[in-house]
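S.K.: Could you have a look at this structure, given as structure tokens, before my questions?
Only the coordinates and a few stated rules stand behind these numbers; no lab work does. What you see is a predicted model; the values in this text were computed from it and never measured. For neighbour counting, all protein chains shown are included, and Cβ atoms are generated from backbone atoms with ideal geometry for every residue, glycine included.
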């Protein structure tokens, strides 16, 4: 589990390898990640956009931008939370993801919330100890 708190918004990510959606012989590794966003602030906020930086095991970078998450732009009152699950295919058995959510307050003030960097690890990844 990975967690970050920015401007009173908590983001927790729990990734997992999905063997039934993966095919290592075809260099296809699928990862799911569950996200929980909690509004710990005293203001109502809305999640408007997302940005992801995905880095595979070879260091290749993919950036993803879009409106909302899973087709929604949730509004969170103080103390409320929103959870969703999504996924990411990679051509390598490991990688990392990190990013940010674009949020806006009820007063119209925009700010970014950190999505903590998290590791995508399959049982097929080579482990190196230094």
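S.K.: For the chain, what is the Kirkwood estimate of the hydrodynamic radius, computed as the reciprocal of the mean inverse distance between distinct Cα atoms, to one decimal in Å?
M.R.: The answer is 15.5 Å.
S.K.: Full extension from residue 106 to residue 6: what is 0.36 nm times the residue separation minus their Cα-Cα distance, to one decimal in nm?
M.R.: Roughly 34.3 nm would be gained on extension.
S.K.: OK, next. Which residue fluctuates most in the GNM of the chain (Cα springs below 10 Å): 91, 25, 41?
M.R.: 25
S.K.: Next question, about the same structure. Once label points are set 7 Å from the Cα along Cα→Cβ at both residue 52 and residue 18, what is their separation, rounded to one decimal in nm?
M.R.: Reported label-point gap for residue 52 and residue 18 is 1.0 nm.
S.K.: When only Cα pairs under 8 Å and 6 or more residues apart are kept, what is the percent relative contact order across the chain?
M.R.: Once normalised by length, the contact order is 30 percent.
S.K.: Next up: Is the shape of the stretch 1-67 rounded, prolate or oblate, going by the alpha carbon gyration tensor and its root eigenvalues a ≥ b ≥ c, with a/c under 1.5 for rounded and a/b larger than b/c for prolate?
M.R.: Prolate, since a/c reaches 1.5 and a/b exceeds b/c.
S.K.: Right, here's the next one. Taking springs between alpha-carbon atoms closer than 10 angstrom, which of 43, 20, 80 fluctuates most in the Gaussian network model of the chain?
M.R.: Of 43, 20, 80, the most mobile in the Gaussian network model is 20.
S.K.: Same structure again: Just 31, 118, 82 to compare: in a GNM of the chain, with alpha carbon springs under 10 Å, which one fluctuates most?
M.R.: 82
S.K.: If you don't mind, another one. For an R0 of 25 angstrom, estimate the FRET efficiency from the Cβ-Cβ distance between residue 34 and residue 61 and round to the nearest 0.05.
M.R.: Using R0 = 25 Å, I get an efficiency of 0.60.
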